[in-house]
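Written out below as structure tokens is the structure these notes cover.
The values are calculated or read from the model by the stated rules, or taken from the named source; none is laboratory data. Here the structure is a predicted model, which means the values were calculated and not measured. Because the Cβ atoms are built from the backbone with ideal geometry, glycine has one as well, and the counts that use them run over all protein chains shown. Ligands, DNA and RNA are stripped out before the accessible areas are found, and what is left, the full protein with its side chains, is counted by its heavy atoms. Shrake-Rupley method; radii C 1.70, N 1.55, O 1.52, S 1.80 Å.
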Amino acid sequence: MSEEGSLRERALIATGEELAALLHHASADVLLALLDNPALDETHVCLLLERKTLPGEILEELARRRPLLKSYRVKRSLAFHPHTPRLISLRLLRDLYLMDLVQVAILPGVSAELKRSAEDQLLSRLPQLPLGQKITLARRGPARVAGALLAEGHAQVISIVLDNPYMTEAQILRALSREKLPVAVIPAIVHHHKWSITYNVRLALVRHPSAPLAAILSYLPELTVSDLRELAAPGIVPESLRKYLQAEVQRRLRASEKTASGSAPGKGPTASNRE
């Protein structure tokens, strides 16, 4: 019998330190034999799955071993392995705990498809989650989940989710595109140290029917004339706000004309209009 054949035979019956050593063997045949060893337990399998260069056939075989997959640790380790076949990973995601799904969604190196699927799983569970878990997700959840939590508008969640490091401008804008938002959402954005000074968020707040007038008026001097004109077109904002927008455009134009007329001959304007 060849040396490898002998090792396969040993892999079927090895225990203790010998079994542990065989977990690091390079031969796929030896590793496949190990999977039939009755002494192999979840700790051994998880150690095996720490090998990032495992042959794909080992990962596929593990996914077929239903008794092994009864262990959550094994299931999680297999789902997280970088070379687990795509369809197997997608299937395993359905059984992962909440924060493990969060890890899949935010870990670098995970495929976009798996991230998206993990986010979909999280979003589908949101309505049934208790408030405590929503607060945890608000702190660490991926952008799409953070955006959904913002739109839900739980008072204890809003300030936390706005500070989420994965929150994006796109998710804030998506929430502000809804005409009906929980009452606490708009004031929280208006007073937030980051999002309240983001140009596109300010534009969206000017458009939103629930944004406070005082905040909107404070934004107008910072908006470009082209954006002011667009917002002042009929049907974009209420008529009561349009007059302020039109007045700001006229003020800006007069200031521009005054600057131009006061410039010395042969020199450009000393201050540029925000165009």
Could you tell me whether region 255-274 includes any residue that is among the basic types (Lys, Arg), at pLDDT below 95, more than 18 Å from residue 151 (Cα to Cα) and part of a loop (DSSP other than H, G, I, E, B)? yes
Is it the case, given these coordinates, that residue 9 is out of contact with any helix residue (DSSP H, G or I) (no Cβ under 9 Å at 6 or more places or on another chain), of a type outside the set (Ser, Thr, Tyr), exposed (fewer than 14 other Cβ atoms within 10 Å of the Cβ) and not in a loop (DSSP other than H, G, I, E, B)? no
Only one residue in 105, 79 is open to solvent by less than 50 Å² (accessible area, probe 1.4 Å), under 25 Å from residue 147 (Cβ atoms), touching a residue at least 40 places away in the same chain (Cβ under 8 Å) and assigned to a helix (DSSP H, G or I), so which one is that? 105
Region 110-127 residues that are closer than 16 Å to residue 85 by Cβ, paired with ones that are open to solvent by 70 Å² or more (accessible area, probe 1.4 Å) and assigned to a helix (DSSP H, G or I) (beta carbon under 9 Å, 6 or more apart): 111/86; 113/86; 114/86
Surrounded by 18 or more Cβ atoms within 10 Å (Cβ to Cβ), more than 24 Å from residue 117 (Cβ to Cβ) and not hydroxyl-bearing (Ser, Thr, Tyr): is that true of residue 186 in this structure? yes
Report yes if some residue within region 121-133 is open to solvent by 60 Å² or more (accessible area, probe 1.4 Å), within 25 Å of residue 189 (Cβ to Cβ), among the polar types (S, T, N, Q) and part of a helix (DSSP H, G or I); otherwise report no. yes
